[in-house]
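J.: The structure follows.
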Amino acid sequence: ELNSSQKITAPFSGVITSVNVNEGDIVSRTATLIVMADPDAFLADILVSEVDIFSIQEGGYAEVSVDALNDYLFPSVVYQIDPVANVASGVVNYGVVVELTSLVPVGGSQVQSLKHGLSVTVNIIVDEARDVLIVPSRAVTNMGKDSIVQVLEGDNMVPRVIETGLADSSYTEVISGLEEGEQVVVSSSASTTLNTNTGGGGLMGIGGAMNGGAMGGGAPAGRP
């Protein structure tokens with residue numbers, strides 16, 4: 001029977017995923033002997049660029065979607081931000097760990113189980129605005145210090161200087177310069193309806209660039 005000095009007590013209940021030592025081996029105090037996983041705790045490791053790292057903080061709200069479960073979006077929190085940069089090919093990123101705070105997806109019911117190692121997409125909310133007028137970010141161009149949109153007035157496109165607020169790759173908040181119901185021209189072959197953003201903005205995450213097509217007519221703004 002082992003005495004107290006020979007026993008190793010796990011810090012939590014979980015599953016042993018690997019044992020890195022055999023009977024009779026000589027090990028150091030810093031060696032990793034056993035690796036365990038908590039089946040009810042999930043962390044996502046991501047890289048955040050040096051441009052965006054100052055916009056996030058530990059404890060900030062995040063959302064994690066599992067690529068294999070397209071309908072599930074899990075509430076999460078920024079658990080840890082690495083103090084040292086990860087530099088590869090001259091590109092500076094920082095490691096960030098995001099922890100799922102619930103296995104109940106947003107607007108859904110309890111998920112039976114998740115698997116460690118799944119691919120995920122992480123959105124970290126750095127700021128938000130509710131009940132505001134928005135336009136597609138593709139409709140906004142910058143000339144010096146001015147933000148300009150092309151407004152449809154009859155058959156003509158008239159440039160209009162607007163004051164903008166929060167923005168991401170999809171939408172830009174309009175503080176002044178446009179009224180709800182006016183039409184703007186966007187760089188897309190499809191019309192886009194302008195509406196009120198009730199879900200929050202300023203999302204930072206993994207995504208692709210918006211591809212513009214032929215110039216298309218704008219659509220009237222409206223509130224849902």
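The values are calculated or read from the model by the stated rules, or taken from the named source; none is laboratory data. The structure displayed is predicted, hence computed values, not measured ones. As a convention, Cβ positions derive from the backbone with ideal geometry for all residues, glycine included, and neighbour counts pool all protein chains shown. Just the protein is used for accessible areas: all its heavy atoms, side chains included, with ligands, DNA and RNA removed. Shrake-Rupley method; radii C 1.70, N 1.55, O 1.52, S 1.80 Å.
J.: Loop-only check: which chymotrypsin sites (Phe, Trp or Tyr not before Pro) in region 1-74 are DSSP coil with at most 15 other Cβ within 10 angstrom?
T.: Sites meeting the loop and neighbour criteria: Phe12.
J.: Put +1 on the Cβ of each Lys and Arg and -1 on the Cβ of each Asp and Glu in region 1-127; which of Val78, Met36, Val21 then has its Cα farthest toward the positive end of the dipole?
T.: Val21
J.: Find how much the distance from Val158 to Asn70 grows on full extension, using 0.36 nm per residue of separation minus their present alpha carbon separation; answer in nm with one decimal.
T.: 27.6 nm
J.: Another question, if that's okay. Round to the nearest 0.05 the FRET efficiency obtained for Ala88 and Thr30 when R0 = 30 Å and r is the Cβ-Cβ distance.
T.: Rounded to the nearest 0.05, the efficiency is 0.65.
J.: Cβ under 14 Å from Asp45's Cβ, Asp45 left aside: what net charge do those residues give with Lys, Arg +1 and Asp, Glu -1?
T.: Taking every Cβ under 14 Å from that of Asp45, the sum is -2.
J.: By the gyration tensor of its Cα atoms, with a ≥ b ≥ c the square roots of the eigenvalues, what is the shape of region 83-166: rounded for a/c under 1.5, prolate for a/b over b/c, or oblate?
T.: Oblate is the answer for region 83-166, as a/c is 1.5 or above yet b/c matches or exceeds a/b.
J.: Would you list Arg160, Arg29 from the most to the least accessible area, probe 1.4 Å?
T.: Final ranking, largest accessible area leading: Arg29, Arg160.
J.: Now for a different question. Can you pull out the GluC sites (Glu not before Pro) in region 1-81 that DSSP calls coil and that have at most 15 other Cβ atoms within 10 Å?
T.: Glu1, Glu23, Glu50, Glu58
J.: With charges only on Cβ, +1 for K and R and -1 for D and E, what is the dipole size of region 8-149 about its Cα centre, in debye, rounded to 20?
T.: 160 debye
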